[in-house]
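**Student:** Okay, handing you the structure first.
The values are calculated or read from the model by the stated rules, or taken from the named source; none is laboratory data. Predicted model only: the values in this text are computed from it and were never measured. A quick note on method: Cβ atoms are made from the backbone with ideal geometry, for glycine too, and the neighbour counts reach across all protein chains shown. Quick note on the areas: whole protein, heavy atoms, side chains included, nothing else; ligands and nucleic acids left out. Shrake-Rupley method; radii C 1.70, N 1.55, O 1.52, S 1.80 Å.
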Amino acid sequence: MMNSFGHIFRVTTWGESHGPALGATVDGVPPGVALEADMLQHWLDRRKPGQNKFTTQRREPDQVRILSGVYEGETTGTPVQLMIENTDQRSKDYSEIAEKFRPGHADITYWLKYGIRDPRGGGRSSARETAARVAAGGLAREALKALAPGIEIKGYMTRMGTHEIDRTRFDWDQIEQNPFWVPDAMAAKTWEGYLDGLRKSGSSVGAVIEVTVRGAPAGLGAPVYAKIDTDLAAAMMSINAVKGVEIGEGMAAAELTGEENADEIHIGPEGAPVFSANHAGGILGGISTGQDIVVRFAVKPTSSILTPRQTITRAGQPAEIVTKGRHDPCVGIRAVPVGEAMAACVVLDHLLLHRAQVGDGPRGTIG
């Protein structure tokens with residue numbers, strides 16, 4: 001149950017961390033979208049493990065195969081089946097914890113709910129599942145390119161532990177130039193030494209990721225239960241290790257006065273509304289304003305660490321546990337392309353919902 005998300009553009013992911021393969025079934029894909037496996041591979045290559053010393057050293061090529069829904073390089077409108085084989089499982093790393101529950105992991109909740117669990121890398125609860133989301137997100141990007149080519153989706157890290165970027169040095173071009181997807185060259189240098197020390201000690205740290213959607217048209221979303229920020233928040237919260245989500249100013253809005261928080265509206269030179277600021281994160285009343293949509297989420301530190309921790313066994317006996325294996329010292333790094341993928345899926349879904357209800361573009365005019 002509950003392995004799907006989306007309304008019209010609907011994604012169902014399947015597979016486990018140490019199974020033979022994982023993937024996604026994507027329904028509601030518009031027909032006639034140009035699609036080849038290489039188009040999706042670009043995004044998977046940004047997420048795949050083992051690319052530098054700051055991510056897990058599990059070596060997976062994450063090669064995606066398209067099994068259905070495409071004919072002669074174009075989507076047919078039928079379900080698109082995507083598959084990614086697992087090739088570098090080391091299940092023996094988890095043999096010692098089959099009878100113990102790892103603190104901070106889903107081991108104990110899966111056991112209490114289902115009475116059975118796959119201890120090999122966490123099974124279905126593993127972040128390995130996010131590879132399927134990134135593949136589906138690549139498909140969503142191609143559909144957006146065809147339907148709304150002005151939309152651009154970019155994710156980046158803004159915090160690692162206690163270290164934050166300096167927004168006065170924010171540089172979009174820097175995001176692809178360092179292993180942390182950080183838009184601040186000086187921060188990237190500081191973070192490198194900080195994370196390397198944590199990595200060598202066998203510890204981990206949390207992070208904050210921000211995703212900006214530029215060029216989204218006004219009118220996406222709907223009142224009350226179909227708000228685009230509702231679906232964005234749910235999408236981001238569904239990512240492994242995420243413990244908090246913000247839209248726009250987020251929690252910091254509680255510190256502002258009404259005068260400070262109000263994004264004043266003016267008429268622009270072409271008669272379109274222009275906002276003085278974007279505290280709302282591009283969304284008002286659950287509907288996009290045409291400004292940048294900004295969503296931010298926090299991930300907790302990786303729970304798999306080498307420091308001995310206290311736990312219990314399935315028999316209820318106290319025990320000590322050390323989680324061996326290959327793990328990310330900061331899951332925030334590989335969460336960036338996952339956050340982008342989820343944003344792409346939600347934005348496409350709401351674009352299709354909007355077109356289904358009112359057609360293309362906003363219906364209201366000004367002046």
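**Student:** For residue 14 and residue 365, what is the calculated FRET efficiency with R₀ set at 45 Å and r taken between the beta-carbons, to the nearest 0.05? Don't skip to the end; give the middle numbers.
**Tutor:** Details: r = 45 Å, r/R0 = 1.01.
About 0.50, to the nearest 0.05.
**Student:** Just name one of 37, 183, 262: the one whose Cα is farthest towards the positive end of the charge dipole of the chain (beta-carbon charges, Lys/Arg +1, Asp/Glu -1).
**Tutor:** About the Cα centre, the residue reaching furthest to the positive side is 37.
**Student:** R0 = 41 Å: FRET efficiency of residue 194 with residue 284, Cβ-based, nearest 0.05?
**Tutor:** It comes to 0.60.
**Student:** At 1.4 Å probe size, with every protein chain present, just tell me what the per residue accessible area of segment 235-340 comes to in Å².
**Tutor:** Result: 49 Å² of accessible area for each residue.
**Student:** With a cut-off of 19 Å, note down the residues of segment 117-152 whose backbone N falls inside the zone around a label point 7 Å from the Cα of residue 172 toward its beta carbon.
**Tutor:** 141-142, 144-146, 148-152
**Student:** Considering the dipole of the chain built from charges on the beta carbon (Lys and Arg +1, Asp and Glu -1) around the Cα centre, which of 103, 316, 209 is farthest to its positive end?
**Tutor:** Farthest towards the positive end: 316.
**Student:** Would you work out what percent of the accessible area of the chain, with all protein chains in place, is carbon or sulfur (probe 1.4 Å)?
**Tutor:** In the chain, the share of accessible area belonging to carbon and sulfur is 54 percent.
**Student:** So which trypsin sites (Lys or Arg not before Pro) in segment 301-367 are both in a DSSP loop and have at most 11 other Cβ atoms within 10 Å of their Cβ?
**Tutor:** 363
**Student:** Between residue 74 and residues 5 or more places away or on another chain, which pairs have amide H atoms under 5 Å apart, with H built 1.01 Å from N, and which residues are they?
**Tutor:** For residue 74, whose amide H was placed from the backbone, the distant partners under 5 Å are 35.
**Student:** Here's something else I'd like to know. What are the ³J(HN,Hα) couplings of segment 242-250, residue after residue, when phi is run through the Karplus curve with 6.51, -1.76, 1.60 and θ = phi - 60°? Round to Hz, x for glycine and proline.
**Tutor:** Each residue's phi maps through the Karplus curve to give 6, 10, x, 9, 10, 10, x, 5, x Hz.
**Student:** Related question: Quick one: longest stretch of the chain between exposed loop GluC sites (Glu not before Pro), exposed meaning at most 13 other C-beta atoms within 10 Å and loop per DSSP? The partial results should precede the final answer.
**Tutor:** Numbers: sites that count: 36, 72, 99, 264, 270.
Within the chain, the longest run free of exposed GluC sites (Glu not before Pro) spans 100-263.
**Student:** Can you give the calculated 222 nm mean residue ellipticity of the chain, where each DSSP H run of n ≥ 4 adds -39,500 (n - 2.57) and the sum is split over every residue, rounded to the nearest 500 deg cm²/dmol?
**Tutor:** Working: 7 runs with 95 residues, N = 367.
The per-residue figure over the chain is -8500 deg cm²/dmol.
**Student:** So, one more: Hey, can you find the accessible area per residue of segment 91-144 for me, probe 1.4 Å, expressed in square angstrom?
**Tutor:** Accessible area per residue: 41 Å².
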